[in-house]
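Colleague: Handing you this structure, nothing more for now.
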Amino acid sequence: MRRAALALAALLAAVPAQAWVASASDPEVRAGARVFLEQCRLCHGLRYVRLAELADLGLDEAALREAAGPEGLQGPVAPVMDAEAARGMFGLVPPDLSLIVKAREGGRDYVRELLLAYEQAPDGSLSNRLFPGIAMPDVLGVAGADPRARARAEEQARQVAAFLAWAADPRAEERVRLGYYVEAYLLVLTVLLYLVKRRVWSRLET
Amino acid sequence: MGGRLIAWIDERFPLTWFIRHELTEYPTPRNLTYWWNFGFLAGFVLVLQMATGIFLAMHYKPDAGLAFDSVQHIMRDVDYGWLLRYLHSTGASAFFVVIYVHMARTLYYGSYRSPRELVWWTGQVLLLLLMATAFLGYLLPWGQMSYWGAQVITSLFEATPLIGKELVVWLRGDFVVGDATLTRFYALHFLFPFLIAAVVVIHLIALHAVKSSNPSGINLEAKDNIPFHPYYTTKDLFGLGVFLVVFCGFVFFAPDFFLEPANYEPADPMRTPEHIVPEWYFLPFYAVLRSVPDKLGGVVAMVLSILIFAFLPLLDRSRIPGGARYRPIYRAAFYLFVADVLVLGWVGSQPPEGAVIVVGEVATAVYFLLFALLPVFSKPEERWLLRRGLPPKVQELVEAEARQRAAREAARRAAEGSP
């Protein structure tokens, strides 16, 4: 019994939560947060994420304070451009991205691929393979990029997607970690219940 | 001390009698398989839904302007709010899984047969209440699919003759689904589980009057019955453990498995999603609705596809107990029915175009045909099986029941003959 418990504990330690979900301690998520603040935030906000949570991710607090509104670090990540200006420029209000990874089929991969799906047509016009008619410009400079710039864009797209996956579900890491313990507990409990059941039923003559 | 307290209570309230009668001496067939666990599991999920629901209600705001935000508040800021909410959302799906298995077991073993009609009919009421509660609750997150699902389903009431339009406005409290709808759905979603709990009590009283069916279909002799406690309490608890391992796998590792991505976008009355689908547990009935070209006809077919289960004790004319176990034709019909429901579920999840429409129409026809043919084939099947010979105990039971019926009939005739 004790050996089984030890084996189970070893198994739990060997499976990292990161394998499943975007973790707050993942450098990719932190890097993605920086890209988001520098580029995406010009148009997009994260209404369910507080600036203080980005400070917890490891972003520079002084820089965040500069970006903050009247509520300070307790305020949400608001877009730089206000809704009216955005409507004038793009014809629509850019969507809030707090839940975009959960709101799209394909989740995090969809976001990454969308950012990389820009192409230059022969006549010089820009289009997006996954979202024809998208109002968002080619922020990462993907279309017509040389291999080095392309590699850089791919890295940034991966980082932003990882960050947005975290933003959509910041409790995921806690959830998965607790999940391992809950499952371990339930498995042991279920085995015990089975033994109890067998012992009780053994009283019946056949 | 404890003994005296119990004695004091027993003089005023039948506590010990109740525990004996319903648990420690309640006779249960000893040959029940694990398929008989699912009633207990349904009871467990009901309690789980009520417990998590109460705590969610402490943080949720039933207001069109605040509902979506308050769900995110629960997911992010409330301590273990994500756990409460995922237990509740996964619990809704688990409830239907458990209930559908529970019903399938009843169908397979013919547990709806006399004398268990009232157990089956109270179960039918529970199914309707469960469906209503799930539908009402699905509006509360106020996402795109919540909103448009409610819009589509409430608009079905337009098909009511004469008062259709007024009825829809009355139900919604507005001309479209809106704040008034959300608030009343919340109130009703809170109320219905208590009605369910009350009907569960009636369901159990009905069950304890006639006792559980069993896989043999034969009423077992006293020596083959065992007390519910401790035998079935331990068996049910082990089943619960297995259920929880699977259930928590979804809650902790794939909590969005049963949720639609579109429901993570706030409700927007100005923008219809490309493809509105109800939750998976409504898909077969939704497919029936869409397979009938006429609107009123579709609604009638859908309602009938759910209520038709209640007619089974009347439609099944065979006297042979044990359901599919001793009846090959009935067994084939059962498996065909299960396959047909799965096909209908797939049809309901697809956009209604081309081949999907044809498959849906055929599957809908098969669905109703199986019920319609049951009274036609059950008598010839019975005659064939009696000729071919049944296991001695079953044969005995059928003959004994026939004798009883004949005796009753004779007694009735004698009473009429001598006024």
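The values are calculated or read from the model by the stated rules, or taken from the named source; none is laboratory data. Given the structure is predicted, the values throughout are model-derived calculations rather than measurements. Note that each Cβ is placed from the backbone with ideal geometry, even for glycine, and that neighbours are counted across all protein chains shown. The area values use the complete protein model at the heavy-atom level, side chains included, leaving out ligands, DNA and RNA. Shrake-Rupley method; radii C 1.70, N 1.55, O 1.52, S 1.80 Å.
Colleague: Given (1) modelled with pLDDT under 95; (2) assigned to a helix (DSSP H, G or I); (3) closer than 24 Å to B:SER291 by Cβ, identify the lone condition not met by B:LEU386.
Modeller: (3)
Colleague: Take B:PHE185 and tell me if it is open to solvent by 40 Å² or more (accessible area, probe 1.4 Å), of a type outside the set (Asp, Glu) and not assigned by TED's automatic domain parsing to the domain that holds B:ARG319.
Modeller: no
Colleague: Right, next: Scan segment B:359-387 and report the pairs whose first residue is closer than 30 Å to B:ALA402 by Cβ and whose second residue is open to solvent by less than 10 Å² (accessible area, probe 1.4 Å) and of a type in the set (D, E, K, R), with Cβ atoms within less than 7 Å and a gap of 6+ or a chain change.
Modeller: Listed by first residue and then by second, the contacts come to B:GLU381/B:ARG327; B:LEU385/B:ARG327.
Colleague: Additional query: Is it the case that some residue within segment A:4-20 is open to solvent by less than 30 Å² (accessible area, probe 1.4 Å) and at pLDDT below 85?
Modeller: Looking for residues that are open to solvent by less than 30 Å² (accessible area, probe 1.4 Å) and at pLDDT below 85, one finds at least one in segment A:4-20, hence yes.
Colleague: Please go through segment B:283-314 and give me each residue that is open to solvent by 40 Å² or more (accessible area, probe 1.4 Å) and part of a helix (DSSP H, G or I), ordered by number.
Modeller: Correct list: B:ARG290, B:LYS295, B:LEU296, B:VAL300, B:VAL303, B:LEU304, B:LEU307, B:PHE311, B:LEU314.
Colleague: How many of the residues in segment A:174-206 are open to solvent by 30 Å² or more (accessible area, probe 1.4 Å) and more than 7 Å from every other protein chain (Cβ to nearest Cβ)?
Modeller: 15
Colleague: Could you pull out the residue among B:ARG387, B:ARG405 that is open to solvent by 100 Å² or more (accessible area, probe 1.4 Å) and within 17 Å of B:ASP316 (Cβ to Cβ)?
Modeller: B:ARG405
Colleague: I've got another one for you. Go through B:GLY43, B:GLY65, B:GLY53 for me and flag whichever is in the same structural domain as B:TYR109 (by TED's automatic domain parsing) and closer than 17 Å to B:VAL201 by Cα.
Modeller: Within the list B:GLY43, B:GLY65, B:GLY53, the selection yields B:GLY43.
Colleague: Just to be sure I understand, how many residues within segment B:267-282 are in contact with a helix residue (DSSP H, G or I) (Cβ under 7 Å, 6 or more places away or on another chain) and open to solvent by less than 60 Å² (accessible area, probe 1.4 Å)?
Modeller: 8
Colleague: While we're on this one: Look at B:LEU374 and say whether it is under 29 Å from B:SER212 (Cβ atoms), surrounded by 18 or more Cβ atoms within 10 Å (Cβ to Cβ) and over 26 Å from the mean Cα position of the chain (by Cα).
Modeller: no
Colleague: Suppose we filter B:GLU396, B:GLU353 for residues that are acidic (Asp, Glu) and over 26 Å from B:ASN31 (Cα atoms); which single one remains?
Modeller: Numbers: B:GLU396 fails: over 26 Å from B:ASN31 (Cα atoms).
On inspection, the qualifying residue turns out to be B:GLU353.
Colleague: Which condition does A:VAL139 not pass, out of (1) within 30 Å of A:GLU119 (Cβ to Cβ); (2) touching an Asp or Glu at 6+ places or on another chain (Cβ under 8 Å); (3) in contact (Cβ under 8 Å) with a residue 40 or more places away in the chain; (4) open to solvent by less than 70 Å² (accessible area, probe 1.4 Å), if it passes all the others?
Modeller: (2)
Colleague: (1) part of a helix (DSSP H, G or I); (2) surrounded by 15 or more Cβ atoms within 10 Å (Cβ to Cβ): which one isn't true of B:SER212, the others all being true?
Modeller: Condition not satisfied by B:SER212: (1).
Colleague: Pick from segment B:237-246 the residues that are at the interface with chain A (Cβ under 9 Å from one of its Cβ atoms) and among the hydrophobic types (A, V, I, L, M, F, W, C): which of them is nearest to B:SER89 (Cα to Cα)?
Modeller: B:LEU244
Colleague: Considering every residue within segment B:260-276, establish whether at least one is over 29 Å from B:ASP63 (Cβ atoms), modelled with pLDDT of 95 or more and not polar (S, T, N, Q).
Modeller: No, because not a single residue in segment B:260-276 is over 29 Å from B:ASP63 (Cβ atoms), modelled with pLDDT of 95 or more and not polar (S, T, N, Q).
Colleague: With A:VAL160, A:VAL176, A:VAL188, A:VAL196 as the choices, which residue is closer than 26 Å to A:GLY107 by Cα, among the β-branched types (Val, Ile, Thr), in a helix (DSSP H, G or I) and not assigned by TED's automatic domain parsing to the domain that holds A:PHE36?
Modeller: Of the residues listed, the single one that is closer than 26 Å to A:GLY107 by Cα, among the β-branched types (Val, Ile, Thr), in a helix (DSSP H, G or I) and not assigned by TED's automatic domain parsing to the domain that holds A:PHE36 is A:VAL176.
Colleague: Taking B:LEU32 as the residue in question, decide whether it is of a type outside the set (Ser, Thr, Tyr), out of contact with any Asp or Glu (no Cβ under 8 Å at 6 or more places or on another chain) and outside any helix (DSSP H, G or I).
Modeller: Here the answer is yes, as B:LEU32 does meet what is asked.
Colleague: Go through segment B:188-223 and give me each residue that's within 14 Å of another protein chain (Cβ to nearest Cβ) and without any contact (Cβ under 8 Å) to a residue 12 or more places away in the chain.
Modeller: B:LYS223
Colleague: Here's a follow-up. Quickly run through segment B:338-371 and pick out the residues that are farther than 19 Å from B:MET103 by Cβ, surrounded by fewer than 18 Cβ atoms within 10 Å (Cβ to Cβ) and aliphatic (A, V, I, L, M).
Modeller: B:ALA355, B:ILE357, B:VAL358, B:VAL359, B:VAL362, B:ALA365, B:LEU369
Colleague: In addition: For segment B:50-147, list the helices (runs of 4 or more DSSP H) that sit wholly inside it and hold at least 1 residues that are among the basic types (Lys, Arg) and crowded, with 19+ Cβ neighbours inside 10 Å; which are they?
Modeller: Ranges flagged: B:81-108.
Colleague: Follow-up question, since we're still on this one. With respect to B:ILE202, is the statement that it is open to solvent by 40 Å² or more (accessible area, probe 1.4 Å) and of a type in the set (Val, Ile, Thr) true?
Modeller: yes
For (1) more than 12 Å from chain A (Cβ to nearest Cβ); (2) of a type in the set (Gly, Ala, Ser); (3) farther than 24 Å from B:MET131 by Cβ, each residue gets a yes or a no:
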{"residue": "B:TYR186", "(1), (2), (3)": "yes, no, no"}
{"residue": "B:ASN225", "(1), (2), (3)": "no, no, yes"}
{"residue": "B:LYS235", "(1), (2), (3)": "no, no, yes"}
{"residue": "B:CYS248", "(1), (2), (3)": "no, no, yes"}
{"residue": "B:GLU260", "(1), (2), (3)": "no, no, no"}
{"residue": "B:GLU265", "(1), (2), (3)": "no, no, yes"}
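Colleague: Out of segment A:152-172, which residues are more than 8 Å from chain B (Cβ to nearest Cβ) and open to solvent by 30 Å² or more (accessible area, probe 1.4 Å)?
Modeller: A:ARG152, A:GLU154, A:GLU155, A:ARG158
Colleague: Show the residue pairs meeting these rules: Cβ distance below 6 Å; 6+ apart or different chains; first residue within segment B:8-33 and on the phi < 0 side of the Ramachandran plot; second residue charged (D, E, K, R).
Modeller: Sorted first by the residue in segment B:8-33, then by its partner, the pairs are B:THR16/B:ASP10; B:ARG30/B:ASP224.
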